[in-house]
Amino acid sequence: MSDINVVPATQDDLEPLAHMHGRAIDFPDLMRRQNAGLGVLLIARVKGLPVGTVYARWEPPDEPYLQRMLPGTPLLYRLLVHPYCRRRGVATKLLAEAEARIRRRGRGAVALGVALKNFDAIDLYTKRGYAAWRRYPIRTTTTALLADGTTGTVPDRCWIFIKRLRSGS
Ligand SMILES: CC(C)(COP(=O)(O)OP(=O)(O)OC[C@H]1O[C@@H](n2cnc3c(N)ncnc32)[C@H](O)[C@@H]1OP(=O)(O)O)[C@@H](O)C(=O)NCCC(=O)NCCS
């Protein structure tokens, strides 16, 4: 797809995003963080309609272990593409834009967590030059939709993937 436009999300995107992904993801919180300069919520649009997101976080990670081991490395979260728009290069474009912004901030690497069996995403990251940072998964938390309909933080395990960024990569 050649007409994919990736830009920072605005307040007007919150309703379409909730519609697209349901309420399981706290986009209003990500928007508040973006407004406070703590990260950027990128949104991919095709013909004006949102089809995907990724959040690049400038704040240190929540996990003390990652804070210690990957200091100053921005993390990517919430890479999501609408099921109808997959395998058309939307995630590739979102990642490329997030990486370009991270490079412009003078950072030399980017990291992210991926669920142990999310082989689609692992294929995508490998193709874009990411590699597993350790041979073992780490303990982390994830945001999940709870039985009462609210979102909450639950324990999880994931691989950490990392990409070294060179200018033009
Ligand atoms: C993973 C995800 C973000 C990929 O988005 P996408 O826009 O379809 O990805 P792209 O079209 O940019 O894919 C680029 C490459 O990644 C790999 N890839 C992506 N999806 C794949 C799949 N379902 N199976 C195998 N390889 C896949 C392929 O190598 C693909 O290149 P190709 O289509 O030329 O073969 C999307 O499937 C998604 O939103 N999944 C649910 C949420 C999720 O798992 N997010 C990742 C959290 S870590």
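Values quoted throughout were computed directly from the atomic coordinates according to the rules given, and no laboratory measurement underlies them. All of these numbers come straight from a predicted model, not from anything done at the bench. All Cβ positions, glycine included, derive from the backbone under ideal geometry; neighbour counts span all protein chains shown.
Give me the pairs: first residue in the range 68-94 and touching a residue at least 40 places away in the same chain (Cβ under 8 Å) and under 18 Å from Leu38 (Cα atoms), second residue within 10 Å of the ligand (Cβ to nearest atom) and of a type in the set (Ser, Thr, Tyr), beta-carbon distance under 6 Å, and six or more apart or on different chains, which are they?
From the range 68-94, the pairs are Arg78/Thr53.
Among residues belonging to the range 21-58 that are over 16 Å from the mean Cα position of the chain (by Cα) and within 13 Å of the ligand (Cβ to nearest atom), point out the one that is nearest to Arg105 (Cα to Cα).
My answer is Val46.
Could you list all residues from the range 50-88 that are farther than 20 Å from Leu165 by Cα and among the small types (Gly, Ala, Ser)?
Selection gives Gly52 alone.
Of everything in the range 101-117, what is surrounded by 14 or more Cβ atoms within 10 Å (Cβ to Cβ) and either without any contact (Cβ under 8 Å) to a residue 40 or more places away in the chain or more than 8 Å from the ligand (Cβ to nearest atom) (or both)? Give them in sequence order. Can you show your working first?
Restricting attention to the range 101-117, the residues satisfying the condition of being surrounded by 14 or more Cβ atoms within 10 Å (Cβ to Cβ) are 101-103, 107, 109-115.
Within the range 101-117, Arg101, Ile102, Arg103, Arg107, Ala109, Val110, Ala111 qualify.
For residues in the range 63-82 being among the charged types (D, E, K, R) and within 16 Å of the ligand (Cβ to nearest atom), which is surrounded by the most Cβ atoms within 10 Å (Cβ to Cβ)? Spell out the reasoning first.
The initial filter retains those residues of the range 63-82 that are among the charged types (D, E, K, R), namely 63, 68, 78.
Those left that are additionally within 16 Å of the ligand (Cβ to nearest atom): 63, 78.
Details: Glu63: 17, Arg78: 21.
The residue in question is Arg78.
Whether any residue in the range 118-138 is over 24 Å from Val90 (Cβ atoms), basic (Lys, Arg) and more than 11 Å from the ligand (Cβ to nearest atom) is what I want to check.
Yes - at least one qualifying residue is present in the range 118-138.
Quickly run through the range 132-143 and pick out the residues that are of a type outside the set (Phe, Trp, Tyr) and surrounded by 12 or more Cβ atoms within 10 Å (Cβ to Cβ).
Step one: filter the range 132-143 for residues of a type outside the set (Phe, Trp, Tyr), giving 132, 134-135, 137-143.
Hits for the range 132-143 are Ala132, Pro137, Ile138, Thr140, Thr141, Thr142, Thr143.
Among the residues of the range 83-94, which ones are over 15 Å from Val7 (Cα atoms) and near the ligand (Cβ under 6 Å from one of its atoms)? First the steps, then the outcome.
Just the residues of the range 83-94 that are over 15 Å from Val7 (Cα atoms), to begin with: 83-89.
Result: Arg86, Arg87, Arg88, Gly89.
Tell me, yes or no, whether the range 58-65 has at least one residue that is aromatic (Phe, Trp, Tyr) and touching a strand residue (DSSP E or B) at 6+ places or on another chain (Cβ under 6 Å).
Restricting attention to the range 58-65, the residues satisfying the condition of being aromatic (Phe, Trp, Tyr) are 58, 65.
This time we only want the ones that are touching a strand residue (DSSP E or B) at 6+ places or on another chain (Cβ under 6 Å), so: 58.
Yes, that holds for at least one residue.
Can you list residue pairs whose Cβ atoms sit under 8 Å apart, with the first residue in the range 1-25 being closer than 15 Å to Arg78 by Cα and free of Cβ contacts under 8 Å to residues at least 40 places away in the same chain and the second being assigned to a loop (DSSP other than H, G, I, E, B) and among the small types (Gly, Ala, Ser)? Count only pairs 6 or more apart in sequence or on different chains.
Leu17/Ala9
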